[in-house]
Amino acid sequence: MRREFGSNVSALCAFYRYYYWPTWQRRPLPALQKVARQLSIYYFPGCPAYVPMKIWPLMDVYERAVPSLEVGEYREIAQSFPPFSDFIRRTKSLAQNAPVTEQPRLIRVALTALAFSYSSSVLLALILSAVIFWRRTRWQRLRWLAGLVLFGCAYNAAGCLEVAIANSLDVHRYITVQMYATLLTQSLALWLILEFALDVRQHRRGPV
């Protein structure tokens, strides 16, 4: 794309629009099926925002970064900005001898549990949120927490939907960047489930 269009961003965007919109106009059902398949990558069976890998090989990551740093504009910046030049040098060095990182077993177990419980915990929290907003007087205390859960779920879903429509969630970096938001949302969902259960238990026991 850079070779064909250079720095002409308007022409590049026009090409993308020309290529993209006819796909939806002429084959809307396959396009929707593609989006549904892409969203399923994030939600089923386990959420790939968590990556419970034992060994993290970093060398290939730095190898992929080197070509993007050798673009002409970056070379010009490196000549006038020594820290960036040093960053490029260290990236090239790590592309040759980056260490292999090992993830502790406890972390892997925790990430696996979070990944496979994400969809169920979020779905349960959404159901409880609907109950909380339906019975406002009864669950007044938990409305703010339910609101946070809904916001987190909507944020993650919107991020996935955007990528699913325009690109592909098979490109793993589009999901891994959501790890913190996913972890926060799941933590809030588990918190809401716990608070709801404690409230129901206390209500059944009645006033002491």
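What's the percent breakdown of Cα-Cα distances in the chain across 5 Å bins, shortest bin first?
1, 6, 10, 11, 12, 13, 13, 11, 9, 6, 4, 2, 1, 1, 0, 0
For the Cα atoms of the chain, what angle does the longest principal axis make with the long axis of helix 143-166, in degrees from 0 to 90, nearest 10?
The angle comes out at about 30 degrees.
Would you mind checking region 57-82 for residues with the amide N under 17 Å from a putative spin-label position 7 Å along Cα→C-beta of residue 7?
70-80, by backbone N distance to the label point.
Determine the shape class of region 8-56: with a ≥ b ≥ c the square roots of the Cα gyration tensor eigenvalues, call it rounded for a/c under 1.5, and otherwise prolate if a/b is greater than b/c, oblate otherwise.
Oblate shape, in that a/c is at least 1.5 and b/c is the bigger or equal ratio.
Looking at the square roots a ≥ b ≥ c of the eigenvalues of the Cα gyration tensor of region 101-159, which shape do they give, rounded for a/c under 1.5, prolate if a/b is larger than b/c, or oblate?
Here region 101-159 falls in the prolate category.
Under 1.5 on a/c is rounded, so check that first for region 119-192, then, if it is not, pick prolate when a/b is larger than b/c and oblate when it is not; a ≥ b ≥ c are the square roots of the alpha carbon gyration tensor eigenvalues.
Cα axes put region 119-192 in the prolate bin.
Grab the other residues whose beta carbon is less than 14 angstrom from that of residue 202, score K and R as +1, D and E as -1, and report the net.
+3
Roughly how tilted is helix 59-69, in degrees to the nearest 10 and between 0 and 90, from the longest Cα axis of the chain?
For 59-69 against the chain, the angle is about 60 degrees.
Would you mind pulling out the separation of the Cα centroids of region 137-208 and region 55-121, in Å?
Answer, in whole Å: 29.
If I model a spin label at residue 184 and residue 33 as a point 7 Å from the Cα along the Cα→Cβ vector, what separation in nanometres do I get?
Taking the simple label geometry, residue 184 and residue 33 are separated by 3.7 nm.
For the chain, set up a GNM with springs between Cα atoms under 10 Å and report which of 167, 97, 156 has the largest fluctuation.
Result: 97 has the largest fluctuation of those listed.
Rounded to the nearest 500, what is the chain's calculated 222 nm mean residue ellipticity when only DSSP H runs of at least 4 contribute -39500 (n - 2.57) each, over all residues?
-25500 deg cm²/dmol
In region 120-185, which trypsin sites (Lys or Arg not before Pro) fall in coil by DSSP and have 10 or fewer other Cβ atoms within 10 Å?
Within region 120-185, the qualifying trypsin sites (Lys or Arg not before Pro) (loop, at most 10 other Cβ atoms within 10 Å) are 135, 136.
Return one number: the angle in degrees, 0 to 90 and rounded to the nearest 10, between the long axis of the Cα atoms of helix 28-43 and the longest principal axis of the Cα atoms of the chain.
It works out to around 70 degrees.
Using R₀ = 45 Å, calculate the FRET efficiency as 1/(1 + (r/R₀)^6) where r is the Cβ-Cβ separation of residue 166 and residue 102; round to 0.05.
0.80
Quick one: accessible area per residue over the chain, 1.4 Å probe, rounded to a whole number of Å²?
I get 70 Å² per residue for the chain.
Counting only protein heavy atoms, what percent of the accessible surface of region 112-208 is carbon or sulfur at a 1.4 Å probe?
67 percent
For residue 71 and residue 141, what does the FRET efficiency come to when R0 = 35 Å and r is the distance between their Cβ atoms, rounded to the nearest 0.05?
Given R0 = 35 Å and the Cβ-Cβ separation, E is 0.05.
For region 42-106, what are the per-bin percents of Cα-Cα distances with bins 10 Å wide, up to the bin holding the maximum?
Going from the shortest bin to the longest, the percentages are 19, 33, 26, 18, 5.
I want to verify a result. In a Gaussian network model of the chain, Cα cutoff 10 Å, which of these has the top mean-square fluctuation: 70, 162, 195?
Among 70, 162, 195, the largest mean-square fluctuation in the Gaussian network model of the chain belongs to 70.
Using Cα pairs under 8 angstrom and six or more residues apart, how large is the relative contact order of the chain, in percent?
Rounded, it is 26 percent for the chain.
Let's test this: bin the Cα-Cα distances of region 1-121 at 10 Å from zero up to the farthest pair and state each bin's percent.
Calculated P(r), rounded to whole percents: 11, 19, 24, 29, 17, 0.
In the chain, with Lys and Arg counted as +1 and Asp and Glu as -1 at Cβ, which of these residues, 137, 98, 116, has the Cα nearest the positive end of the dipole, that is, farthest along it?
137
The values are calculated or read from the model by the stated rules, or taken from the named source; none is laboratory data. Source: prediction; values computed, not measured. Cβ: placed from backbone, ideal geometry, glycine included. Neighbour counts: every protein chain shown. Surface areas here come from the heavy atoms of the whole protein model, side chains and all, with no ligands, DNA or RNA. Shrake-Rupley method; radii C 1.70, N 1.55, O 1.52, S 1.80 Å.
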